[in-house]
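A short worksheet on the structure shown next.
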Amino acid sequence: MRENIKERVAEIAAYIIEHDATVRAAAVVFDVSKSTVHSDMTVRLPQIDAASYRLVRGILDKNREERHVRGGESTKQKYRNMR
C-alpha cells in the first residue's frame, strides 16, 4: 500500500475518533467520496492499525444504529425551513 494512502487512512481514522464523526462528515472534510472513507475504514485500517480500527468500528456501528433518527430530524428541519 502506498504511503500517501496509509497517511490518509490514519488521518481519517483519527478525525472520526476525535470528532465522533460520520462517514459523510469525514468525506466532506477530507474531500474524498463516502465510498473511499468507508473502504479505508473497513478494509485498509485493520491492516494498518487494529486498535484504531476497533474504535472506528464502534463509532460507525453507533452511527448506523442512529441514522434513522438523524434522517428524521433532517427532514423535519427541511420542512420547517420551507415555511
Exercise. Going by how many other beta carbons lie within 10 Å of each one, how would you line up His68, His38, His19, fewest first?
Worked result: His68, His19, His38
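Find how much the distance from Arg54 to Glu3 grows on full extension, using 0.36 nm per residue of separation minus their present alpha carbon separation; answer in nm with one decimal. Numbers along the way, then the final one.
Working: separation 51, 0.36 × 51 = 18.36 nm, distance 2.18 nm.
Contour length minus Cα-Cα distance gives 16.2 nm.
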For this session: Using only Cα atoms, tell me the angle between helix 50-82 and the longest principal axis of the chain; keep it within 0 to 90° and round to the nearest 10.
Result: 20 degrees
Exercise. To the nearest 20 debye, what is the magnitude of the charge dipole of the range 2-66 about its Cα centre, counting +1 on the Cβ of each Lys and Arg and -1 on the Cβ of each Asp and Glu?
Worked result: 220 debye
Problem set entry | Candidates Ala27, Ala13, Ala50, ranked by Gaussian network fluctuation over the chain, Cα under 10 Å, top entry | Ala50
Exercise. Which FRET efficiency, nearest 0.05, do Thr75 and Arg24 yield, Cβ-Cβ r, R0 25 Å?
Worked result: 0.95
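We did not get these values from a lab; they are worked out from the coordinates using the rules stated. Quantities reported herein were computed from a predicted structural model and do not represent experimental measurements. Here Cβ is always computed from backbone atoms with ideal geometry, including for glycine, and neighbour counts include all displayed protein chains.
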